[in-house]
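Inspection log for the structure reproduced underneath, given as structure tokens.
The values are calculated or read from the model by the stated rules, or taken from the named source; none is laboratory data. Quick caveat: nothing in here was measured; it's all calculated off a predicted structure. In this analysis, Cβ positions are derived from the backbone assuming ideal geometry, glycine residues included, and neighbour counts consider all displayed protein chains. Each accessible area value is taken on the protein alone, full model and side chains, heavy atoms only, with ligands, DNA and RNA left out. Shrake-Rupley method; radii C 1.70, N 1.55, O 1.52, S 1.80 Å.
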Amino acid sequence: MGTEGWWLLLCLALSGAAGAAGAAVDTAERQWRAVDVVLDCFLVEEGKHHGGFASDKNMVKALLVLKQVPVLDDGSLEGFTDFQVSTLSKDNPPVTFEASVSPVQISHAEALLHADCSEKEVTCEISRYFLQARQEAAVETAAWFITNLQVSGGGPRISILMKALRDAENRAVMPPTLNLPLGPQGTVLTTVEFQVTTHTPSLIFQRGSSASLHCGFSMTPGLDLTRVEWRLQHKGSGQLVYSWTTGQGQAKREGATLEPEQLLLAGDASLTLPSLTLKDEGTYICQITTSLYQAQQIIQLHVQASPKVRLGLANEALPPTLICNIVGYYPLDVTVTWTREELGGAPVPVSDASFSSLRQGAEGTYSISSSLTAEPGSAGATYTCQVTHISLEEPIVTSTWAAPPATSSKVCQDSEALWETALLPPSKKKE
């Protein structure tokens with residue numbers, strides 16, 4: 001039986017137990033339970049991954065078994081069995097890593113465990129890790145691997161650093177890229193030493209709001225936290241946002257803060273950015289450094305600005321020209337549509353509108369104008385300008401009445417030509 005069969009049995013067990021638990025689960029207190037989390041991975045072959053992206057040609061199939069990970073059981077884990085190496089195919093079996101997680105906490109273990117049953121995909125890549133400060137004695141007796149995990153659909157990202165002990169008297173070569181002894185069941189035995197995670201890999205916030213960028217970590221006893229660094233990369237340039245070193249924090253971006261130190265030492269290195277501007281948009285790198293290891297997570301922050309819309313009269317000549325001004329939006333793409341509606345009729349799309357050149361303000365927001373020659377007819381007509389933008393939950397719609405030529409007042413505007421804006425929540429998570 002391959003790993004696909006094992007996952008199928010797992011999903012059947014979870015769904016069956018969940019159905020049997022029924023309403024009793026709602027009232028029962030959830031209990032912690034230790035289970036094996038098994039993930040299909042790829043192993044980057046040593047010597048063929050030079051800091052760039054690995055290709056299919058230098059990756060081999062692997063299996064990661066996180067041993068006895070504590071997860072909250074809502075009743076669906078009844079009948080769940082731990083992973084057995086005997087379930088793997090005998091023909092061309094994957095390189096299997098067994099990782100003891102205690103005492104390092106594996107964040108989002110439930111998301112990893114239930115990914116397949118929730119129709120999510122977990123991307124898992126294992127590669128060799130080399131110590132920043134080379135310690136000859138340690139290198140001779142151990143080898144290190146880093147596993148990068150990503151749950152699809154905007155799910156969490158986790159980087160796990162694992163240590164495998166060497167046996168100088170009984171070295172095995174399996175696979176060819178690993179000069180490591182294997183365990184009794186033919187697996188590479190490792191322990192988890194350090195992990196860094198984020199549950200907000202991609203965020204969208206409105207300009208002017210505050211953003212919290214999550215970055216958490218856990219490490220084995222004996223390691224010391226020495227540095228936390230947040231950097232911003234955007235449009236080819238990088239800059240330091242915040243740094244913390246042994247009790248002293250320094251903000252390079254005005255107002256940027258980390259969690260209180262007691263939370264930082266407990267594994268929370270989340271960054272808070274107040275009063276967002278468009279300059280805050282970009283790729284944020286949370287880098288955690290310990291006395292022995294270093295790992296990071298990447299978070300994409302998108303800042304949006306909602307447009308203001310004003311519909312007015314461009315000139316008083318006959319026929320009148322209407323102008324719809326769309327001001328202060330970001331990012332760039334915006335859709336403007338016009339409709340014309342006669343009294344008692346239905347709205348009819350108007351396609352002969354013209355547009356001004358695009359304008360960009362000092363803050364980076366964009367503005368554009370759309371003009372249309374009104375044809376009120378003998379009874380007058382209502383013209384509507386509708387603006388759609390990614391920052392809006394609903395389009396902004398503003399209308400004006402174009403009176404017939406015999407009427408002295410050519411155009412009567414609703415809302416006295418006030419700016420139309422949308423009321424939005426401060427942020428929304430990107431799917």
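Of all the residues that make up region 376-400, how many are at pLDDT below 90 and open to solvent by 20 Å² or more (accessible area, probe 1.4 Å)?
Summing the residues that are at pLDDT below 90 and open to solvent by 20 Å² or more (accessible area, probe 1.4 Å) in region 376-400 gives 3.
Do we find a residue being touching a residue at least 60 places away in the same chain (Cβ under 8 Å) and touching a Ser or Thr at 6+ places or on another chain (Cβ under 6 Å) anywhere in region 371-383?
Yes; the residues of region 371-383 include at least one that is touching a residue at least 60 places away in the same chain (Cβ under 8 Å) and touching a Ser or Thr at 6+ places or on another chain (Cβ under 6 Å).
Looking at 288, 299, 323, which is the one that is among the hydrophobic types (A, V, I, L, M, F, W, C), closer than 30 Å to residue 142 by Cβ and at pLDDT 95 or above?
The conditions single out 288.
With (1) open to solvent by 10 Å² or more (accessible area, probe 1.4 Å); (2) in contact (Cβ under 8 Å) with a residue 24 or more places away in the chain; (3) touching a strand residue (DSSP E or B) at 6+ places or on another chain (Cβ under 7 Å) as the list, and residue 363 as the residue in question, which single condition is left unmet?
(3) is the only condition that residue 363 fails.
List the strands (runs of 3 or more DSSP E) inside region 61-154, counting only whole elements, that have at least 1 residues being at pLDDT below 90 and crowded, with 20+ Cβ neighbours inside 10 Å.
Qualifying strands (runs of 3 or more DSSP E): 95-100, 142-151.
So which residues in region 258-273 are open to solvent by 40 Å² or more (accessible area, probe 1.4 Å) and under 18 Å from residue 240 (Cβ atoms), if there are any at all?
272
Residue check, residue 422 against (1) at pLDDT below 95; (2) open to solvent by less than 50 Å² (accessible area, probe 1.4 Å); (3) within 18 Å of residue 344 (Cβ to Cβ), all met but one. Which one?
The one condition residue 422 does not meet is (3).
List, please: which pairs have Cβ atoms under 8 Å, are six or more places apart or on different chains, and start with a residue in region 317-333 that is touching a residue at least 40 places away in the same chain (Cβ under 8 Å) and end with one that is open to solvent by 50 Å² or more (accessible area, probe 1.4 Å) and of a type in the set (Asp, Glu)?
Final answer for the pair search is 319/375.
Pairs needed: first member in region 258-273, on the phi < 0 side of the Ramachandran plot; second member anywhere, surrounded by 14 or more Cβ atoms within 10 Å (Cβ to Cβ) and part of a helix (DSSP H, G or I); C-beta distance under 6 Å; at least 6 residues apart or different chains.
Within 6 Å, the pairs are 258/264; 273/280.
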